[in-house]
1. Each residue of the stretch 50-65 in order: what ³J(HN,Hα) in whole Hz does its phi give by Karplus 6.51 cos²θ - 1.76 cosθ + 1.60, θ = phi - 60°, with x for Gly and Pro?
2. Step through the residues of the stretch 31-39 one at a time and calculate ³J(HN,Hα) from phi using the Karplus curve (6.51 cos²θ - 1.76 cosθ + 1.60, θ = phi - 60°), rounding each to whole Hz and writing x for Gly and Pro.
3. Distance in nm between label sites at Tyr101 and Phe65, each 7 Å beyond Cα in the beta-carbon direction?
4. How long is the gain from Val34 to Arg17 if the chain were fully straight, where each residue apart is worth 0.36 nm and the alpha carbon distance is subtracted?
5. Could you list which residues have their amide H under 5 Å from that of Leu64, counting only those 5 or more apart in sequence or on another chain, with H placed in the peptide plane?
Amino acid sequence: MPSFLWRSTKEWRALRREVPWVDRDPAALFREHVRISVQPLDAPSDSSDIAALLEMIGSDDLLLFSTDWPHWRFDGDTALPPGLPERLRPRVLRENALATYPRLKESVQ
C-alpha cells in the first residue's frame with residue numbers, strides 16, 4: 001500500500017491539470033475513504049517492520065479489527081498481529097470502528 005500511495009500521488013501531481021475535479025492527492029482520498037482489516041495481514045516477515053509500514057501509510061485511523069477465522073489463511077490464534085504498536089491497540093480494537101460506523105456508538109453507550 002505505501003508504494004501505491006506514493007506512486008499515485010506522484011502521478012497526480014504531474015497530471016493534476018488534466019483532472020481538475022480531483023482536488024486532493026490520492027493518498028488523502030485513500031485515508032479518508034478506505035479502511036483496512038488486520039486479518040489477514042500481508043505484513044513484512046519481521047514483525048518489527050509493521051510500525052514502519054504503518055508510518056509510511058500515514059494514518060492510524062485505517063486499521064479495523066477482524067479475525068478471518070475459520071478460513072484456511074487465518075494467521076494463528078492471536079487476535080492482533082504481532083508487531084502492532086501498543087499505542088494502536090485501543091484504536092484497532094475499538095476507536096476506529098466507532099469512528100467508521102457512528103451507529104455503533106448508540107449500542108455501546
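1. For the stretch 50-65, the Karplus curve yields 4, 4, 5, 4, 5, 5, 5, 5, x, 7, 8, 8, 7, 8, 10, 6 Hz.
2. Listing the rounded values in order: 4, 7, 10, 10, 10, 10, 8, 7, 10 Hz.
3. Label-label distance for Tyr101 and Phe65, simple model: 1.2 nm.
4. 3.6 nm
5. Ile36, Ser37, Val38
No lab work stands behind these numbers, since they all come straight from the coordinates. Predicted model only: the values in this text are computed from it and were never measured. Cβ coordinates were reconstructed from backbone atoms using ideal geometry, including for glycine residues, and neighbour counts include every protein chain displayed.
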